[in-house]
Structures are given as structure tokens and as C-alpha cells.
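Working notes, beginning with the structure itself.
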Amino acid sequence: MTLVLDASVFFSDMPVEGDAYTTPSVVAELMDLRSKCRLEALLAASLAVRQPERTSLAAVEQAAVQCGDAGALSAADRDILALALELSAVLVTDDFAVQNVARRLKIRTRSILLRPARAIRWRYRCSGCGRYYRRPGECPVCGAAIKRKLK
């Protein structure tokens, strides 16, 4: 089984078996000694660091916008999603926004410590007048911010 690892894997003791990949942006997030040691151990075993292609990143961006999680994803989140999409791999993460976008892209996910995220649908509601809209921004009626809410 091919796995793509999020940074949270390097902070845990989760066993990693099979082909494993991560991205340079995830490696850059690893600052403490324990996670760097775990990275070195996995690199010695079977971990490969690979940059995703632009076409995959574009597909991730489109899916993130469609499901309303674009603002919640970091560059590293986008990278691991794109790499998992390219490799048809299982994405190992505890990040709910990442799992939500992965579900939209039909990428299988595996949680590390937390329960798997349930499917989330977002609604956008004006914080001033309470009207509902299809996307965040500024309310054309009252000018207040349109914010994301769970459906």
C-alpha cells in the first residue's frame, strides 16, 4: 500500500509500512528534534520526499474551493493532497479540512490519533443580516462579512 504522510505522522509513533511519501513542504514543518529523528529513520527505511505536479495542485485547489475548505488549507496541506492524488495513495492525516477535501477528490484517508472526519457541508451566512450565500465574502445587502458555517 502506498501512503502519503502529513506532518502529524512524524509527531506520533504510528508504524509506517509499505511505500511512503511526503513533500518538501511537510519536511520544512518539522522543527523539533523528535520529529526530525523520526523523519531520518523513515528516510532510511522507505520514505521518499517528492514535490507534486502543478496539474494535481490545480485539481486540489478546485476541490478545496468547491467544498469550502480552501481557506483552511496550508501550502503543505495542498501539497500532500496533490501528491496523494497523483500516486493514488492513502493519505495519512488527522487534519479534518484535509480529510474533507480528500473525500471530494476520492482520496482514501487514514487517521493517526483522532477519529476520521465525517463529511462536512458548509453554508455561508452573513454575520450582519443573517442571509445565506454560496461563498464567503462581503454581503451585498448590509456589507458585513459572510462567514462559513456548518450545514
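What to note about this one:
- Extent along the principal axes, Cα only, for the chain: 58, 30, 25 Å, with the longest axis given first.
- From most to least packed by mean Cβ count within 10 Å, the peptides 70-77, 123-130 give 70-77, 123-130.
- Under the Debye formula (equal points on every Cα, no solvent term), log10 I(q)/I(0) of segment 32-74 at q = 0.16, 0.18, 0.24 Å⁻¹: -0.66, -0.72, -0.77
- GNM result for the chain, Cα springs below 10 Å: residue of PRO52, PRO24, PRO15 fluctuating most strongly: PRO15
- From its DSSP helices (H runs of at least four residues, each -39,500 (n - 2.57)), the chain gives a residue-normalised ellipticity at 222 nm of -11500 deg cm²/dmol.
- Volume of the convex hull of segment 1-71 (Cα atoms only), normalised per residue: 111 Å³.
- Length-normalised contact order of segment 2-110 in % [C-alpha pairs under 8 Å, at least 6 apart]: 33 percent
No lab work stands behind these numbers, since they all come straight from the coordinates. Just so you know, these numbers come straight off a predicted model, no measurement behind them. Note that we place each Cβ from the backbone using ideal geometry, even for glycine, and neighbour counts take in every protein chain shown.
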